Amino acid sequence: MKISALFPVLGMVLFVVGCNNHSTEFLSEGSVDPRQMKQTLSGEVFYLERLLLPPNAVLEVTLEDVSKQDVASVVLARSTEVIVGTSPFRFSLEYDPSQVKSKGSYSLRAKVTLDDRLLMTSSERLDPFEESQKTPAIRVSKVSEPRDDERSVGFENRMAVVSVDPLASITNTYWKLERVNETPVVMDTHQTREAFFQLIESGSTLRGFGGCNTISGRFELSGNDLSFTSVVATKKACPGGMKTEALFLELLSATSYYSIHAHELTLIDSKKKPIAKFRAQYFN
């Protein structure tokens, strides 16, 4: 055979071998490059404060690599959306699993903002990849010290007051006074009966007992807004209960809102601060 006749055959062999070698760089039709695969991490964010977030509040959840100490964490995934509804809030994060190492440390963080002002944030490390984790639940809490610019625009006043799982009605219920500014109320030994009040829905009238004298007046109620007007007390002097009564009358005049959780009533002032707690009493 002539040598010149071998060149076409040899060229064909090299072409086939070259194609076979090159084909290993491509994936079969319909397959997905593992480097491009994403996984989804879902969970929820919740808070325990009896407050309703203002409209247009934004929830941001991040998955961060916190493996290196004294170094800023690395954000691996981020989810941002306007909050709709009430707590808990669902979230989903898409992340690259190749960035998650078996010996690494990771954490989910969440924060709630309004117009770039921080309202709530998480403070505890939560590793979603630990074996003990099922559905991650991130707790956020209201920031304890708003910045000066937040105070200037009424930061607290942008939070709405709501009741959480109430088991009693604000009206037509006997509310026994239990605490004033977190201080327990204890009956004086000379006190004839406990301090309480009732809001009679018919006529919007207030009646109660302050510790020494009978209390009466009127109230205005709209949603969780509550205020008392024309509050008066009889003028009897008593050996006990007068201090409690003075505090009682003062807190009634300072009330702007209320919140009920189960059988507990909280009266709240205009700055959204709790000022007194009552417990519903039921009589057969």
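The values are calculated or read from the model by the stated rules, or taken from the named source; none is laboratory data. None of the values given here were measured: they were computed from a predicted structure. FYI the Cβ positions are ideal-geometry reconstructions off the backbone, even for glycines, and counts take in every protein chain you see. Please note that ligands, DNA and RNA were not included when accessible areas were found on the heavy atoms of the full protein model with its side chains. Shrake-Rupley method; radii C 1.70, N 1.55, O 1.52, S 1.80 Å.
Taking segment 85-112, which residues are surrounded by fewer than 17 Cβ atoms within 10 Å (Cβ to Cβ), β-branched (Val, Ile, Thr) and in contact with an Asp or Glu (Cβ under 9 Å, 6 or more places away or on another chain)? Passing the criteria: only VAL100.
Going by the structure shown, is SER144 over 15 Å from the mean Cα position of the chain (by Cα), in a loop (DSSP other than H, G, I, E, B), at pLDDT below 90 and surrounded by fewer than 17 Cβ atoms within 10 Å (Cβ to Cβ)? Spelling it out, it is not the case that SER144 is over 15 Å from the mean Cα position of the chain (by Cα), in a loop (DSSP other than H, G, I, E, B), at pLDDT below 90 and surrounded by fewer than 17 Cβ atoms within 10 Å (Cβ to Cβ).
For segment 172-197, taking the residues that are of a type in the set (S, T, N, Q) and within 18 Å of TYR258 (Cβ to Cβ), the one that is least open to solvent (accessible area, probe 1.4 Å) is identified as THR173.
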